[in-house]
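The values are calculated or read from the model by the stated rules, or taken from the named source; none is laboratory data. Since we're looking at a predicted model, the values are computed, not measured. Cβ coordinates were reconstructed from backbone atoms using ideal geometry, including for glycine residues, and neighbour counts include every protein chain displayed. Accessible surface areas use protein heavy atoms only, side chains included; no ligands, DNA or RNA. Shrake-Rupley method; radii C 1.70, N 1.55, O 1.52, S 1.80 Å.
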Amino acid sequence: MLRWLKADLHVHTVLSPCAELEMGPRAIVAAAVANGIGLLGITDHNAWANVPAVTALAAREGIAVLAGMEVQTREEVHVLCFFPDLASLAAAGEEIRRHLPRIENRPEVFGDQVIVDAEENILGFENRLLLNSVDLSLEDVRDLTRRAGGLFIPAHVDRPAFSLLANLGVVPPGLEPQTLEISSRLTPEEAKRLFPTLVGYSLITSSDAHRLSDLATPCATWFHVAAPTLAEVVLALAGREGRKVVIMSNSDEKPCSS
Ligand SMILES: [Zn+2]
Ligand SMILES: [Zn+2]
């Protein structure tokens, strides 16, 4: 049986140096509950080590977590990469790490990169600075993700920095993303008016939360799916087998239009 599931597929944890230290697993799950979210994407910059902790805590609240990362490609474009399970995420994470410059984090400048468990014990600190581009192209990262059965989504494409449209101007022919993420400051109609290259693509919106209050967005992505899994999300993005995706307003539960 299909049901509607509210999703936020772009949330950072304390592993991202730019995220607030309040972004621990427990607080993220509590904020997801408060905002009625049934499917979370945990997407730290070029890293994944806090996905297991959030996944374990979220499961206790009946919230599913898609195992992901936000990779910064050679073109300085941010992309969300989701994997079918933690093992394939870990393998891809190791590959991404091999392509990340060996530059040390300076916590006093960039912030701490904290790895925690489900009890929020600090397991360690990531010493390599995560806020850099890997030496892989957009297509390389897409292929690495898809080879592992994953989903590749260019992130916040309307943003003036670190985005597909800011850095490349268009959705490159041949990239063929299954969907594109727009930031929560625009409705899909506004995004397509400002960026006609988006017309014809399926769009999602997410919070890109770096602090807890970011999870309360004006619009949210809803999936009509049989289960909160990556395979079902992929079906919904393709509009197959009755699955679908819509962007709804959080204030009046109507389609989010301008
Ligand atoms: Zn980003
Ligand atoms: Zn982000």
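Within the option set R240, R146, being part of a helix (DSSP H, G or I) and either open to solvent by 50 Å² or more (accessible area, probe 1.4 Å) or basic (K, R) (or both) holds for one residue only, R146.
All of (1) in a strand (DSSP E or B); (2) within 16 Å of ligand 1 (Cβ to nearest atom); (3) open to solvent by 50 Å² or more (accessible area, probe 1.4 Å); (4) of a type outside the set (K, R) hold for N167 with one exception: (1).
Open to solvent by less than 60 Å² (accessible area, probe 1.4 Å) and among the acidic types (D, E), is that true of E75?
On the way: open to solvent by less than 60 Å² (accessible area, probe 1.4 Å): yes; among the acidic types (D, E): yes.
For E75, the condition - open to solvent by less than 60 Å² (accessible area, probe 1.4 Å) and among the acidic types (D, E) - is met.
In the condition set (1) more than 25 Å from D8 (Cβ to Cβ); (2) of a type in the set (A, V, I, L, M); (3) in contact with a helix residue (DSSP H, G or I) (Cβ under 8 Å, 6 or more places away or on another chain), L89 is compliant with all but (1). If you go through segment 38-58 and keep only what is closer than 22 Å to L5 by Cα and open to solvent by 10 Å² or more (accessible area, probe 1.4 Å), you end up with G38, P52, T55, A56, L57.
Taking the options T221, T179, T197, name whichever one is of a type in the set (S, T, N, Q), closer than 17 Å to I153 by Cα and open to solvent by 20 Å² or more (accessible area, probe 1.4 Å). Can you show your working first?
Values: T221 fails: open to solvent by 20 Å² or more (accessible area, probe 1.4 Å); T179 fails: open to solvent by 20 Å² or more (accessible area, probe 1.4 Å).
Of the residues listed, the single one that is of a type in the set (S, T, N, Q), closer than 17 Å to I153 by Cα and open to solvent by 20 Å² or more (accessible area, probe 1.4 Å) is T197.
Looking at E104, E61, can you tell me which residue is more than 16 Å from ligand 2 (Cβ to nearest atom), under 21 Å from E232 (Cβ atoms), surrounded by fewer than 17 Cβ atoms within 10 Å (Cβ to Cβ) and at pLDDT 95 or above? I'd like the intermediate steps shown before the answer.
Values: E104 fails: under 21 Å from E232 (Cβ atoms).
Among E104, E61, only E61 is more than 16 Å from ligand 2 (Cβ to nearest atom), under 21 Å from E232 (Cβ atoms), surrounded by fewer than 17 Cβ atoms within 10 Å (Cβ to Cβ) and at pLDDT 95 or above.
Here E70 passes the criteria (1) in a loop (DSSP other than H, G, I, E, B); (2) of a type in the set (D, E, K, R); (3) within 16 Å of ligand 1 (Cβ to nearest atom); (4) closer than 19 Å to C18 by Cα except the one numbered (1).
Output the residues belonging to segment 18-37 that are assigned to a loop (DSSP other than H, G, I, E, B), touching a helix residue (DSSP H, G or I) at 6+ places or on another chain (Cβ under 8 Å) and buried (at least 22 other Cβ atoms within 10 Å of the Cβ).
Within segment 18-37, the first condition is being assigned to a loop (DSSP other than H, G, I, E, B), and the residues that meet it are 18-24, 35-37.
So of that shortlist, the ones also touching a helix residue (DSSP H, G or I) at 6+ places or on another chain (Cβ under 8 Å) come out as 18, 20, 22-23, 35, 37.
Once the filter is applied, which keeps residues that are assigned to a loop (DSSP other than H, G, I, E, B), touching a helix residue (DSSP H, G or I) at 6+ places or on another chain (Cβ under 8 Å) and buried (at least 22 other Cβ atoms within 10 Å of the Cβ), segment 18-37 yields M23, I37.
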